[in-house]
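**Q** Attaching a single structure in structure tokens format; questions to follow.
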Amino acid sequence: MTMTRRDFLKISGAVGAGLAVSSLGIDMGPVKAYADELKKIDKMKTAKQSTTICPYCAVGCGLICSTDTKAKRIINIEGDPDHPINEGALCAKGAALFQTTADNTNRSTKVLYRAPNSDKWQEKSWDWALTEIAKRVKATRDANFIEKNAKGQVVNRLEAIAHVGSAALDNEECWPLVAMMRALGLVYIEHQARI
Amino acid sequence: MTNHWIDIKNSDVILVMGSNAASNHPISMKWVQKAKDHGAKLISVDPRFTQTSAKADIYAPLRSGTDIAFLGGMIKYILDNNKYFADYVVNYTNAAFIVGDKFDFSDGLFAGYNAEKRAYDKALWAYKKDDKGIVAKDPSLKDPKSVFQLLKKHYDRYTPEKVSEITGTPVPDLMKVYEAYATTGVKDKAGTILYAMGWTQHTIGVQNIRAMSIIQLLCGNMGIAGGGVNALRGESNVQGSTDQALLFHILPGYLKAPVATQQTLEEYIAQSTPKSADPRSVNWWSNYPKYTVSLLKSFWGDKATKENGFGYAWLPKLDPGQNCSWLNLFDAMYDGKVKGFFSWGQNPACSGANANKTRKAMAKLDWLVNVNIFDNETGSFWKGPGMDPKKIKTEVFMLPAAASIEKEGSISNSGRWAQWRYKAVDAPGKAEPDGDIMYELMVKIKGLYKAGGKFPDPIMNLKWDYADEKGHFDAHRVAKAINGSFTQDVKIGDKQYKKGDQVPAFPLLQADGSTSCGNWIYCQSYNADGNNMARRKKDDPTGLGLFPGWSWAWPVNRRILYNRASVDLTGQPWNPARPVVKWADGKWVGDIPDGPAPPMADEKAGKYPFIMTAEGFGRLFGPGLNDGPFPEHYEPLECPVPKNLLSGQFVNPTIKIFKGEMDKHFTCDPRFPFVGTTYRVTEHWQTGIMTRWQSWLIEAQPQMFVEISHELAKLRGIKDGDKVKVSSARGELDCVAMVTTRFRPFQLGKLTVHEVGMPWCFGWITPKDGGESSNLLTPNVGDPNTMIPESKAFMVNVTKA
């Protein structure tokens, strides 16, 4: 169900004021349904917890994800009280981490392609996209590879392809990217650390 | 950071300068508060009265770009008033070193300046050495050519009055800051500096940090609990991504990217490995060959052999002096020299200085691959404002990526703690972890090169066995490869290692190809003990907050760098109340010692504490940087004053100035009379590419604004909440005016200078009418050492829209 934070605050404010909520003309149907859902989750034996580290600044705060493994959905993210740096506290961004999950319908979930001079995206498959990208990498590299520089020294580099990114990737992703880009001969390799 | 986040609680004086930690690293204030609870003082120096300033005991305003004047004044104060920690300075810094006779400084220029090349011949800054190659020293610090006396002479000009006229900081405020910070120049007081982009995003950025490093060395704050030089980095894994070397000039573990004049591995190693004639200097980088060969083995596995220089020829070589950093990258792209572009988890359309140039540059590409978790101004650049899709031929591939909770791996925080995190769920829809995307892509590229193509060897020979039995990218395999393993059976000392064993730690790496290691500084992160990055032990034996069993810090789980400077020559802590390491019963206890060598009082085996410099000493005089061995104040490229009050050199004489049609800059121009700066807010992160898509965060921080003083508002007839236009030589944007007392005009002698500030977290893609990126205004000019753009000080105009 969808309940906005605003709705929730409105309702909890009314309850806090000790008023009979229904007498305010507030439809309690959605709230009751939401509360029932929460109760179901509490009793769910398919819930699991996992720890994570915040993806934003470099303090490295710890968080705990609660996942409904049956529905395959994250149902809650909050601070990890055992983490020695944040001790469960989070800033606004970390506290909102739930909105980076699938719950946020703005998430990019399709492989898209924009053709030359087009004004729109087309949906494609992974296999198509990676195949086409690989073809372009090879074509651009083969056409522009620099074996020797003006002095006749062997340089084996490629200046026609550039790469930026990313400080948001895991170490185990950054390292293979470096290996891959260096193996292709790239020298224009940069990312957030530079700016 | 040389230290780490929790260590802040051990400080007595915390200087936050070039940072607004309360807004941008909010949880750090938990540890600032703990320090304040035991009497520590917080100092905030900032052009604006920030959220950090609101918590500070002392606030001092300063005009953006004048930090070296401010800090130079502090150096002068410390020296003039003998506030430095003498024993530390004499024994652990290069204060006593004698500099060669060719060194000089006059009217803003150091010896060896070539005006045509806009570069120095640094050979003229070399130390004086005896015939054995050992640096001449004067421990009395009286020799006029000693570093100490040269330092004193250099900052003699930085009087409080002169500094005040440059920075706009009232003299009493300067003195308050200087006096408070100088109290840490004694053995039982610790001072720390927390800085961020407010220091690095300048044409004198590196020298800003150098100035503070000098202060920290003078005060004996390096290597101690509550001390250090602490960069508050901006992204969750920018420390890791820097360590893994996603930068043109380095290879993993801060090895140097090779140059064309180094045609063989031997030449590369010989030129990269520093030498020291002093037997008391550890000169840890002398191990360079081991890390290089081990890295090459990790790239090319069995294909890297002694006979083929371990595949050295397969690495791309730069031409000498070739600089492929960000500003040059987009300049080349603008000139049509870059055909294909990966923008992988980054949003350059909003993040880089002079964003209009970046956006126009991307329109010249043949193809662009954008990997991200949300739509953004980069992947969709072709339909952005001012773009006509019909005229743009760039093919764009938008690949959906997994969010942080949808994959497993490690990230390294600013304190060098590599922390493992877990996957909670699969990514939604077609989104995939970045590891899977890059793994598959390279498999396909290798497939294509099987049939032939240009110079296929480095591609075909690249070790790429990072998938599990099901063909999915496996972060554990990569983590183990980064840690490294033995490529054959090896006996070291009396220990026998088998082929395939993980290398326990980097002292065991070899230069003969018998070890493979993706990144020497991460060696030990995932070894026979297991995944040390995943540890969650809460023990804190020293009580200093080191938490040695929580995650794993590089190098070798050392939590405070240079910690052998935290003890006296006999190995006893300067401050017994905060012992980081201590020599007891013939060994070090506490943190992992920074080099296991005994204390310096041991004439035979004792080693100097700053093991990563060739000499072994902390550098007050730093002869390796491009713009001088001592920080010197120069004005930003775009500035509001007609001249530099400290010398005849207006701006940094070694910066590269771009001269293209998109590279406009104007200084002291009446069309752009106000200093502009940029900063962040808690609710958004970087360009806002993730946070602007989240309703909870957008509700709190909905749109672009510019903060202006009441005085400037009056001048321009602007009321709080009015729509205004902010413009610079490079672009303009509309936003809401926030009229505030947080900015006050600067009084620079007789000149009144206004400064305004903007966040850079907005962009056209969302929310509707939320505003554009302030990087449309910032200048593409960078520091001469790092080429980080001067996004913190430039000139703008503000008018009612």
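**Q** How would you rank B:476, B:684, B:249, B:633, going from fewest to most other Cβ atoms within 10 Å of each one's own Cβ? Don't skip to the answer; put the middle values down first.
**A** Details: B:476 15, B:684 24, B:249 19, B:633 29.
Ascending Cβ contact count within 10 Å gives the list B:476, B:249, B:684, B:633.
**Q** Put a dot 7 Å past each Cα toward the Cβ at residue A:49 and residue B:159; how far apart are the dots in nm?
**A** 6.4
**Q** Once you place label points 7 Å from the Cα toward the Cβ at residue B:740 and residue B:666, how far apart are they in nm?
**A** 2.7
**Q** Same structure again: Let me make sure I get this right: for the stretch A:45-121, a, b and c are the square roots of the gyration tensor eigenvalues over alpha carbons, sorted descending. Under 1.5 in a/c it's rounded, otherwise prolate if a/b > b/c, else oblate. Which is it?
**A** oblate
**Q** Rank the residues B:99, B:589 as a footprinting-exposure proxy: fewest other Cβ atoms within 10 Å of their Cβ go first. Write out the running numbers ahead of the final one.
**A** Numbers: B:99 25, B:589 13.
Ascending number of Cβ neighbours within 10 Å: B:589, B:99.
**Q** Where does the stretch B:242-381 land on the Kirkwood hydrodynamic radius, alpha-carbon pairs, in angstrom?
**A** 17.6
**Q** While we're on this one: Keeping to pairs on different chains or 8 or more places apart, tell me how many lysine pairs in the stretch A:39-108 have Cα atoms under 20 Å apart.
**A** The result is 12.
**Q** Still on this structure: In whole Hz, with x marking every Gly and Pro, tabulate ³J(HN,Hα) for the stretch B:680-689 from phi via Karplus 6.51 cos²θ - 1.76 cosθ + 1.60, θ = phi - 60°.
**A** 10, 10, 4, 6, 10, 10, 6, 6, x, 5
**Q** Using unit Cβ charges (K, R positive; D, E negative) and no other charged atoms, how large, in debye to the nearest 20, is the dipole of the stretch A:75-154 about its Cα centre?
**A** Dipole magnitude for the stretch A:75-154 comes out near 820 debye.
**Q** Between residue B:119 and residue B:537, what length in nm is gained on full extension when 0.36 nm per residue of separation is reduced by their alpha carbon distance? Could the numbers behind the result be given before it?
**A** On the way: separation 418, 0.36 × 418 = 150.48 nm, distance 5.06 nm.
Length difference between fully extended and current span is 145.4 nm.
**Q** May I pose another question? What percentage of all Cα-Cα pairs in the stretch A:73-160 are separated by more than 22 Å?
**A** For the stretch A:73-160, the share of Cα pairs beyond 22 Å comes to 62 percent.
**Q** Pairs of lysine in the stretch B:610-758 with Cα under 17 Å and at least 8 positions apart or on different chains: total?
**A** Count of close lysine pairs: 4.
**Q** Next up: What whole-number volume per residue, in cubic angstrom, does the convex hull of the C-alpha atoms of chain B give?
**A** So the per-residue hull volume is 170 Å³.
**Q** Taking θ as phi - 60°, what are the ³J(HN,Hα) couplings along the stretch A:52-62 by the Karplus curve (6.51, -1.76, 1.60), each to the nearest whole Hz, with x for Gly and Pro?
**A** 8, 10, 4, x, 9, 6, 9, 5, x, 5, x
**Q** Please tell me the relative contact order of chain B in percent, rounded to the nearest whole number, where contacts are Cα pairs under 8 Å and at least six residues apart.
**A** This gives 16 percent for chain B.
**Q** What average count of beta carbons from other chains do you get within 10 Å of the Cβ of residues in B:685-694?
**A** Numbers: counts 8, 6, 1, 0, 1, 10, 6, 1, 7, 9.
What the average comes to for B:685-694 is 5.
**Q** Report, in debye and to the nearest 20, how large the dipole of the protein assembly as shown comes out about its Cα centre when Lys and Arg carry +1 and Asp and Glu carry -1 on their Cβ.
**A** That gives a dipole near 760 debye.
**Q** Now for a separate question. On a full-extension model of 0.36 nm per residue, what is the gain between residue B:603 and residue B:499, subtracting their alpha-carbon distance, rounded to one decimal in nm?
**A** Net length gain for the segment: 33.5 nm.
**Q** Provide the gained length on full extension for the span residue B:703 to residue B:799, in nm with one decimal, where the gain is 0.36 nm per separating residue minus the Cα-Cα distance. Don't skip to the end; give the middle numbers.
**A** Working: separation 96, 0.36 × 96 = 34.56 nm, distance 1.81 nm.
Additional length available on full extension: 32.8 nm.
**Q** Can you pull a Stokes-Einstein diffusion coefficient for the stretch B:379-420 at 37 °C (0.692 mPa s), Rh from Kirkwood over Cα pairs, as a whole number of µm²/s?
**A** 235
**Q** Shape verdict for the protein assembly as shown, please, from the Cα gyration tensor: rounded (a/c under 1.5), prolate (a/b greater than b/c) or oblate.
**A** Judged from the Cα gyration tensor, the protein assembly as shown comes out rounded (a/c under 1.5).
**Q** Also, quick follow-up: Sorting B:434, B:130 on the 10 Å Cβ count, fewest up front, what's the list? List each step's numbers first, then the result.
**A** Working: B:434 28, B:130 10.
Lowest count first: B:130, B:434.
**Q** With an 8 Å cut-off on Cα pairs and a minimum separation of 6 or more residues, tell me the relative contact order of the stretch A:107-151 in percent.
**A** It comes to 25 percent, rounded to a whole number.
**Q** Can you give me the Cα centroid spacing of the stretch A:155-175 and the stretch B:669-734 in angstrom?
**A** A separation of 32 Å, based on Cα centres.
**Q** Over the stretch B:323-407, what is the relative contact order in percent, taking alpha-carbon pairs closer than 8 angstrom and at least six residues apart?
**A** RCO, the stretch B:323-407: 28 percent.
**Q** Let me ask another. In whole Hz, with x marking every Gly and Pro, tabulate ³J(HN,Hα) for the stretch B:91-99 from phi via Karplus 6.51 cos²θ - 1.76 cosθ + 1.60, θ = phi - 60°.
**A** 8, 10, 10, 8, 4, 7, 5, 9, 8
**Q** Using helices alone, what [θ] at 222 nm do you get for chain B, with -39,500 (n - 2.57) per DSSP H run of 4 or more residues, divided over all residues and rounded to the nearest 500? Mind dumping the intermediate values first?
**A** Numbers: 20 runs with 171 residues, N = 801.
Helix-only estimate at 222 nm: -6000 deg cm²/dmol.
**Q** Please state the charge dipole magnitude for the stretch B:226-339, taken about the Cα centre, from unit charges on C-beta atoms (+1 on K and R, -1 on D and E), reported in debye and rounded to the nearest 20.
**A** It works out to roughly 200 debye.
We did not get these values from a lab; they are worked out from the coordinates using the rules stated. Just so it is clear, the structure is predicted and the values come from calculations on it, not from any experiment. Neighbour counts are summed over all protein chains in view; Cβ atoms, including those assigned to glycine, are modelled from backbone coordinates with ideal geometry.
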